[in-house]
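Below is one structure, written out as structure tokens, with a few remarks after it.
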Amino acid sequence: MNKIVVITGGSMGIGKATATLFRQKGDIVLSVARQIDEEFPDFSYVADISNEEQVKNIITQIGEKYHKIDVLVNNAGIGVNGALELVPSNVFENTMHVNIEGAYLVTKFALPYMQKGAKIINISSVSGLFASPFRSLYCFSKSAIQMMTMCQRMELSKAKIDVCAVCPGEVKTGFMKRRVRIEDTNERYGKQVERAFAFLDKHDEGKRMPPEKVAKAIYKQAKRKKSKPFVIVGGSFKLIYLGVKLLPTSWVLALTNKFMGGGNID
Ligand SMILES: NC(=O)c1ccc[n+]([C@@H]2O[C@H](COP(=O)([O-])OP(=O)(O)OC[C@H]3O[C@@H](n4cnc5c(N)ncnc54)[C@H](OP(=O)(O)O)[C@@H]3O)[C@@H](O)[C@H]2O)c1
């Protein structure tokens, strides 16, 4: 039977690839984003997920029309890089509103339409599992998603609603180009910020996985009777995670900082 699948950020990138895969499998996919999906206007709901009224409004519309939500994919998110000290407060607030509050609001209003057997799949990131310098705001917004997933997995287990996090590594979408870049520095960081950005930008040109690979991982968890609490997408990141688990945290942080921290202050 066709499932009703709600995907936030289904208008591009990972969300679009996931929407396409679910549609190919015969499910009804409803995308929630700030821009309409021109290809599927009748299945596209325009809302800013950080706005409670807008979220309540569109989820109510979906609930009244389809009467249930079988799968919710909390995918919409934004990226930000920079020294935490120098990130303007409005950028901090917006990142938290979209990446954390957005997932909370959509879940909160969707749950009344979700019954036994329904699934919530939160798109986290490997940045929610490992820390990296000059990316702290994004890392801690995604680690909040990890924690929200695990708490809700327990809270909703009696209701038999399954909750899982999918943590992609580096994916080829426009996400890195769209991320907020705070390149400000001061005497504390010197050229570290510039070098950390250069590392990321160089890395950005490298081999990133296609969004379809993440879509497959999301679909696989949606179809499992019981999903895993979280899955990492991207072979090298699975290995890194193993290292993070086995090595002392001080070593992991020192090594990460050596590669990503922009070197010594000058
Ligand atoms: N790309 C990567 O390397 C990577 C790696 C790990 C995890 N992730 C995570 O995967 C998710 C999707 O990333 P992506 O690479 O597909 O990014 P993307 O190509 O930039 O797409 C982001 C999607 O989120 C929507 N969105 C952004 N802000 C929104 C808001 N306030 N309200 C409603 N929708 C909003 C965008 O649509 P509108 O602009 O139309 O609103 C868009 O559809 C994010 O949560 C990201 O953190 C990405």
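Within region 13-57, the residues that satisfy the criterion of being surrounded by fewer than 19 Cβ atoms within 10 Å (Cβ to Cβ) and either among the small types (Gly, Ala, Ser) or within 10 Å of the ligand (Cβ to nearest atom) (or both) are 26, 34, 35, 36, 46, 48, 51, 54. Of all residues in region 30-54, those that are in contact (Cβ under 8 Å) with a residue 40 or more places away in the chain have Cβ atoms under 6 Å from Cβ atoms of residues that are within 13 Å of the ligand (Cβ to nearest atom) and in a strand (DSSP E or B), 6 or more apart or on another chain, in 32/8; 32/45; 49/8. Among the residues of region 61-84, is any assigned to a strand (DSSP E or B), under 15 Å from the mean Cα position of the chain (by Cα), touching a residue at least 60 places away in the same chain (Cβ under 8 Å) and more than 23 Å from residue 220 (Cα to Cα)? Scanning region 61-84 turns up at least one residue that is assigned to a strand (DSSP E or B), under 15 Å from the mean Cα position of the chain (by Cα), touching a residue at least 60 places away in the same chain (Cβ under 8 Å) and more than 23 Å from residue 220 (Cα to Cα).
Does residue 215 count as surrounded by 20 or more Cβ atoms within 10 Å (Cβ to Cβ), assigned to a helix (DSSP H, G or I) and either of a type in the set (Phe, Trp, Tyr) or touching a helix residue (DSSP H, G or I) at 6+ places or on another chain (Cβ under 7 Å) (or both)? When the stated conditions are applied, residue 215 passes them. Selection of region 124-163 for residues being assigned to a helix (DSSP H, G or I) and aliphatic (A, V, I, L, M) yields 126, 137, 144, 145, 147, 148, 150, 154.
Within region 134-166, the set of residues being closer than 23 Å to residue 258 by Cα and either more than 19 Å from the chain's Cα centre (by Cα) or among the hydrophobic types (A, V, I, L, M, F, W, C) (or both) comprises 134, 137, 139, 140.
Here, each number is a calculation from the coordinates, and none is a lab measurement. Because the structure is predicted, anything quoted here is derived from the model rather than measured. Please note: Cβ atoms are built from the backbone with ideal geometry, for glycine as well, and neighbour counts cover all protein chains shown.
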